[in-house]
1. Among residues belonging to region A:115-173 that are surrounded by 14 or more Cβ atoms within 10 Å (Cβ to Cβ) and among the hydroxyl-bearing types (S, T, Y), point out the one that is nearest to A:T89 (Cα to Cα).
2. Yes or no: region B:71-86 includes at least one residue that is assigned to a helix (DSSP H, G or I), at pLDDT 85 or above and more than 13 Å from every other protein chain (Cβ to nearest Cβ).
3. Looking only at region A:167-181, how many residues end up being farther than 17 Å from A:Q125 by Cα and either charged (D, E, K, R) or more than 14 Å from every other protein chain (Cβ to nearest Cβ) (or both)?
4. What residue, among those in region B:87-123 that are of a type in the set (F, W, Y) and within 13 Å of chain A (Cβ to nearest Cβ), is nearest to B:V70 (Cα to Cα)?
5. List every residue pair whose Cβ atoms lie under 6 Å apart, where the two residues are 6 or more positions apart in sequence or sit on different chains, the first residue falls within region B:167-180 and is over 12 Å from B:V33 (Cβ atoms), and the second residue, located anywhere, is exposed (fewer than 11 other Cβ atoms within 10 Å of the Cβ) and modelled with pLDDT under 75.
6. Any residue at all in region B:103-113 that is more than 18 Å from the chain's Cα centre (by Cα) and within 15 Å of A:T18 (Cβ to Cβ)?
7. For region A:86-115, name all the residues that are basic (K, R) and modelled with pLDDT under 90.
8. Looking at A:K112, A:K83, A:K87, A:K121, which one is of a type in the set (D, E, K, R) and without any contact (Cβ under 8 Å) to a residue 12 or more places away in the chain?
Amino acid sequence: MSPFIKIPLVLALVTFFTSGLLVFSEKATHDKIAQQKKMLLLESLKELIPDELHDNDLTQDSLLINHPEQLGHRKEQALYVGKLNGKTTVIAVPVTARNGYSGDIDLMVGIKNNGEITAVKILEQHETPGLGDLIQANKSDWLKQFPSLSINKVGIKNWKVKRDGGQFDQITGATITPRAVVEAIKHALEFQHEFLTTTHKEDTIK
Amino acid sequence: MSGFIRKRLIDDNAALVQLLGLCPLLAVSNSVVNALGLAIATVFTLVLTNALVSAIKPIISKEIRISLFVLIIASVVTALEMFMNAYFHELYLILGIFIPLIVTNCIIMARAESFASKNTIWLAIKDGFFTGLGFALVLVVIGAIREILGNGSLFNQAHLLFGEFGKVIQWQIFEDYHGFLIAILPPGAFFVLAILIAIKNKVSK
C-alpha cells in the first residue's frame, strides 16, 4: 500500500478507537460523577445548614444569583435557603475569591439570620499543595476559626488576617490564600445582610 | 531478582538514573499520600499505554509513530481521569491537575518509543509495570522524606486513599513539630532528589 494511503488510514483508525475509548469512559462515568458531586454538595450543605435549623428540601429551595462585583461570581451560582416552618433561618452564600494565589477559590458560607457563621466550605481551589491548600477542612483546622463569628462580634476593622492587623490566623508560608478567603467571607456576610432585608420586604408583600 | 526487573527498578531507574518525569516527581512528592496517589495512577497509565502501543505495533509507521503514541497516551489518561473522578472523587479533588499532567510525563513516551513499540504485549506490560514501580518507589521515598522533615508526620490524610484503615496508619512522629518548611516547598524536592541521586551513584560504584 502506498504510504499516502496507509498513513492517513492508520491515523484515522487509531483516532477512531481512542475517541471510542473516550466516549465509552464518558458514558460509563457521567452519571456517577454527577452523583458524586451532588453527594459532596449535600454533604457540605449539612454543615452549612444544620439539620436542626431547617425542615425543607434544600435542593428545592435554592436560587441562582450572579454578583460579579460583590461576590466575585463568574457565572450563576446557587444560593441555598434553609427554612424552619416556612421562615428563613440560614442561608448558604456562594462566593468566589478571585485574588487567591493560583486561580479562583470557590467557597460557601453558611450564615444564620443574626449574622453568625455556621460553617465555611471550600468547594474548589487550586492553591499550592501543602501550603495554600491548608485552607481545606480535610487538611488543617484553619477553617474552624470561623463558625459562630459574625461581623458584629469581630468588628469590621478586625476582619483581616493577623499580618494585616486583623484577628485571623494566617498559614505559615502562605498569606495570600488566607487573606483572599477571609475577605471573601466578609463579602458573603455583607451580602447576607442585604439579602435578608430584601427578602423580608418580599415576605410582607406576599 | 532477574536482570529485567533489576534494570528497571534500580540500574536504569527512570527517576534516579534517566531523570525522566521530573515535573510530577518534584511537584507532587510533598507527602506520602499525594506521592502514592500519583504513583498508582502513573503505574496504571504506563501498563495500559504500553499494552496498547504494543498491540498496534504492526500498523505503526515510522513517520507518524509519535502522533500515535500521543493520541493513545492522552486518551488513556483522560479516561483514567474520568474513572478516578467517578470512583475516587476525593482523591481526584486532591491530585487534581496532576492527573492530566501524566500526559507530559516523558517516561511514558520513552517506554512507548523505546520498548513497547518493539516488543510483545506481555513484555510491554511487564516493562510498563516495573518501570512505573521504579518511578513510584522514588516518588514515595521522596514524599516520605519531605513529609517527615516538613510536617513531622507520615501517611497524613491516608484516609483519602485507604478509607477507615488510613486513619489508623496516620502517624505524627514528632508532636508539636513546627516544620522545616523548605522541605515541603519546591526547593526541598530538588534537595531531596539530589541527595537520593548522590547516594544511588555512590552505591552503584
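The values are calculated or read from the model by the stated rules, or taken from the named source; none is laboratory data. Here the structure is a predicted model, which means the values were calculated and not measured. Every residue, glycine among them, receives a Cβ derived from its backbone with ideal geometry; neighbour counts consider all protein chains shown.
1. My answer is A:T118.
2. Checking region B:71-86: not a single residue is assigned to a helix (DSSP H, G or I), at pLDDT 85 or above and more than 13 Å from every other protein chain (Cβ to nearest Cβ).
3. 3
4. Checking each candidate, the answer is B:F98.
5. So the pair list comes out empty.
6. Looking through region B:103-113, none of the residues is more than 18 Å from the chain's Cα centre (by Cα) and within 15 Å of A:T18 (Cβ to Cβ).
7. Of all residues in region A:86-115, those basic (K, R) come to A:87, A:98, A:112.
A:K87 - this is the single residue of region A:86-115 that is basic (K, R) and modelled with pLDDT under 90.
8. On the way: A:K112 fails: without any contact (Cβ under 8 Å) to a residue 12 or more places away in the chain; A:K83 fails: without any contact (Cβ under 8 Å) to a residue 12 or more places away in the chain; A:K121 fails: without any contact (Cβ under 8 Å) to a residue 12 or more places away in the chain.
Within the list A:K112, A:K83, A:K87, A:K121, the selection yields A:K87.
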